[in-house]
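Bear in mind these aren't lab numbers, they're just calculated from the coordinates by the rules spelled out. Everything numeric here is computed off the predicted structure, so don't read it as measured data. Don't worry about glycine lacking a Cβ; one is built from the backbone with ideal geometry, like all the others, and counts go over all protein chains shown.
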Ligand SMILES: [Zn+2]
């Protein structure tokens with residue numbers, strides 16, 4: 001990591017979280033699973049070299065968001081908080097859920113529930129994925145989150161919590177493609193094989209970068225980047 005960049009408050013944090021897992025940078029040299037447009041975007045985004053009103057180094061007429069009027073148009077705002085992009089942000093989140101669901105081990109004593117209430121639980125909350133092992137009477141509840149990178153370090157204080165035979169896990173990928181190494185505990189608990197896990201991590205990172213690029217480009221050009 002460049003020392004000058006690492007020392008800056010925003011880029012430094014982005015590079016720090018992106019360096020925590022090799023999967024976060026898997027595309028850097030060969031561009032695996034990543035289009036050139038997404039590859040080009042992510043390098044600029046991680047350096048915060050973006051054409052947003054709140055990011056210019058010189059005075060501009062306004063720093064506010066061109067879409068929703070929020071006081072400062074920054075990358076965290078556009079990629080994670082600007083309401084106009086919520087549909088794309090939801091699809092970005094669901095892309096990670098779908099990747100995880102695809103590699104879960106299938107067997108006769110395991111039930112996999114997606115976006116459903118947990119059987120036997122009073123709560124009406126619908127976790128992204130619940131894996132119920134009827135043989136060993138263990139439930140693993142997983143919620144996927146795609147925060148902006150600078151929030152990633154503070155989001156997870158404990159990799160998982162356990163109440164009786166129920167595990168609650170957060171599964172986190174930063175919106176600039178940083179794979180949280182704390183996800184590894186969840187991957188091990190779900191008994192995903194290392195071979196599948198390695199590919200899954202790369203595809204998740206590339207999916208998130210693709211969606212974040214689509215959000216950013218639509219934001220600055222007004223042109224929809226994905227099929228409805
Ligand atoms: Zn906005």
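Data overview
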quantity	calculated
Modelled FRET efficiency - R0 30 Å, residue 116 with residue 37, Cβ distances, 0.05 increments	0.25
Computed log₁₀ I(q)/I(0) - Debye formula, equal Cα scatterers, no solvent, region 95-201, q 0.14 Å⁻¹	-0.54
Mean separation of Cα contacts under 8 Å, 6 or more apart, over the residue count of region 95-201: relative contact order %	23 percent
Efficiency of FRET from Cβ geometry, residue 86 and residue 184, R₀ 30 Å, rounded to 0.05	0.50
Footprinting exposure proxy for 57, 204, 86 (fewest neighbouring C-beta atoms within 10 Å first)	57, 86, 204
Cα pair distances in the chain, grouped into 5 Å bins until the bin that holds the longest one, percent each	1, 6, 14, 17, 18, 15, 12, 8, 5, 2, 1, 0, 0
Residues 132, 84 arranged by fewest to most Cβ contacts within 10 Å	84, 132
Relative contact order, percent, the chain [alpha-carbon distance under 8 Å, six or more residues apart]	24 percent
Region 175-212 and region 52-106: distance between their alpha carbon centers, rounded to Å	20 Å
Shape category assigned to region 84-128 from the gyration tensor of Cα positions, a/c cut at 1.5	oblate
With Cα atoms, 0 to 90° folded angle of helix 9-18 axis to the chain main axis	40 degrees
Length released on extending from residue 223 to residue 48, taking residue separation times 0.36 nm less the Cα-Cα span	60.8 nm
Inter-label distance, nm, simple model (7 Å from Cα along the C-beta direction), residue 108/residue 68	5.0 nm
